[in-house]
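Computed from the coordinates by the stated procedures, all read-outs in this text should not be read as laboratory data. Quantities reported herein were computed from a predicted structural model and do not represent experimental measurements. Don't worry about glycine lacking a Cβ; one is built from the backbone with ideal geometry, like all the others, and counts go over all protein chains shown.
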Amino acid sequence: MEQGEVNSRTTVAEAISNPRCYLDISIGGEVEGRIVVELFADVVPRTANNFRALCTGEKGVGPAADVPLHFKWSLWGVLEYSDAMKSSSFIAVFSLKETTDAEIVYFKLEYEALVLLKFCNSTHRAPRLDTFGSCFHRVIKGFMIQGGDISAGDGTGGESIYGLKFEDENFVMKHERKGMLSMANSGPNTNGSQFFITTTRTTHLDGKHVVFGKVLKGMGVVRSIEHTPVGEADRPTIDVVIADCGELPEGADDCVSNFFKDGDLYPDWPNDLDEKPNEVSWWMNVVESAKTFGNDNFKVKFVSYSGHALLLLSLFMKLYSMQKKDYKMALRKYRKSLRYLDVCWEKEEIDEGTQLLPGVLFACKLKLRDLEGALLDADFAIREKEANAKAYFRQGQAHSALNDVDAAVESFLRALELEPNDGAIKKELAAAKKKASKCQSVEPFLPNSTTGSSSLTLSYIQIADRRDKERRAYSRMFQPSAKSNGNDD
């Protein structure tokens with residue numbers, strides 16, 4: 001065999017290096033993190049290339065919807081074309097979007113927005129602002145998150161790089177686990193730009209939707225999207241957008257670690273580590289590092305203001321900084337510290353200092369009025385490891401602060417089952433029982449031989465009945481609707 005020739009026993013799949021792409025996610029105007037995906041170009045090359053090109057934006061403007069073939073969320077200005085603009089520096093400064101309408105000019109708002117303001121002031125005309133790119137318009141907890149509608153943004157639009165729609169390539173890959181990327185559609189051979197990421201195994205979608213990739217890193221970011229509040233039609237009540245996206249060169253760093261360029265060299269989520277050392281001391285060093293970053297942000301943070309929304313402010317602040325406590329970043333770092341702590345909190349090597357972290361985290365949440373966020377953290381931890389007494393304990397504290405007393409009692413009971421001798425759990429359980437007794441009168445619970453409890457105000461039976469009612473109501477979300485239109489999963 002000549003050098004460089006592919007061995008005849010090597011399959012085409014083995015010879016192809018699958019591309020990697022990244023999606024930087026913003027939730028409610030705050031950057032959440034990066035999702036890194038592998039595209040199955042070895043199995044579904046056309047489908048994979050469609051997604052890859054939509055990440056890079058290399059195909060320009062789509063002829064069907066007349067919008068950029070790009071997932072990246074961007075703000076464009078729209079002005080009516082005039083002769084005055086021909087000689088203006090405005091034309092040379094801005095990236096113009098090709099359009100068939102000769103009366104309209106599109107310009108992309110970058111850092112040259114001051115030129116735009118100067119131009120508008122001189123011509124006494126204000127631009128209209130349009131957004132292009134992809135948001136996650138449909139989120140169903142315990143099922144999937146859906147985005148990619150680059151034209152309508154609500155699940156009724158989208159456009160592929162091959163035209164408005166293209167055919168189903170094959171159904172070789174299956175929805176066998178969480179983190180699978182699959183094409184959303186409205187029936188056979190109706191693939192466009194919309195896609196979804198599974199948050200659990202969804203085998204009932206096999207043979208109906210083309211699986212074309214999987215999440216390599218950033219499943220924690222996917223979980224954050226999954227747990228955003230939703231309203232009508234499962235649409236998030238806050239903007240969840242792809243702030244940036246692209247293709248990672250082969251062998252290049254995915255930049256998941258130190259994503260915020262603040263010197264924190266560990267990823268926000270332990271599952272995104274390239275290697276997971278066995279030494280507890282290593283994990284505790286990460287815990288302390290994240291906590292230190294949190295403390296630094298909780299106290300004083302030097303920040304610079306910039307961006308489109310703060311354009312006028314940036315005129316005065318561009319060369320200056322001002323002191324500001326960054327509670328949101330502090331909260332992020334404390335949450336990160338807890339995630340790493342959850343990996344090894346049962347080890348004897350953990351010192352007393354780490355036990356202060358939940359209290360510091362709670363103080364930070366109080367500053368942000370983010371009790372729901374505390375509950376979300378506990379839910380994450382329980383989902384990753386069900387037999388987690390500490391997570392149930394924190395879940396109970398969050399429920400109690402939110403005045404959901406029966407849920408608080410249930411959480412503390414679960415925690416006490418796992419750690420029957422823990423004094424802190426017993427204390428919180430007693431407080432929750434007392435609080436519950438003031439809210440409602442219920443039959444006493446029989447003694448529990450495991451925990452030693454003689455009487456509990458709320459019983460598992462009553463709590464389970466309430467949970468069962470919630471599950472029945474939730475299950476109706478998945479029933480087909482005659483009013484459904486657009487791309488469905």
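For this structure, a couple of remarks:
- Computed from label points 7 Å out along Cα-Cβ, the spacing between Y162 and E250 is 2.4 nm.
- Compared with the alpha-carbon gap, the fully stretched path from T292 to E232 is longer by 17.5 nm at 0.36 nm per residue.
- Here C21, C135 are placed in order of increasing Cβ neighbour count within 10 Å, fewest first, which gives C135, C21.
- Residues H204, H70 in ascending order of nearby Cβ atoms (within 10 Å, fewest first): H204, H70.
- Using C-alpha pairs below 8 Å separated by at least 6 residues, the relative contact order for region 180-279 is 20 percent.
- Here each label is just a point 7 Å from Cα along the line to Cβ, and for N49 and A152 those points are 2.8 nm apart.
- Pair A424, L273: separation of 7 Å Cα→Cβ label points (nm): 2.2
- Near E247, once Lys and Arg are set to +1 and Asp and Glu to -1 for all other residues with Cβ below 14 Å from its Cβ, the sum equals -2.
- Using the Cβ-Cβ distance between L265 and N189 with R0 set to 45 Å, the FRET efficiency from 1/(1 + (r/R0)^6) comes to roughly 0.45.
- Among the listed pairs K261/K426; K217/K328; K178/K427, those beyond 31 Å (Cα-Cα): K261/K426; K178/K427
- Computed lengthening from E372 to K438, 0.36 nm per intervening residue step minus Cα-Cα distance: 21.4 nm
- Applying 0.36 nm per residue to the separation of T200 and N258 and subtracting their alpha-carbon distance, the gain on full extension is 18.1 nm.
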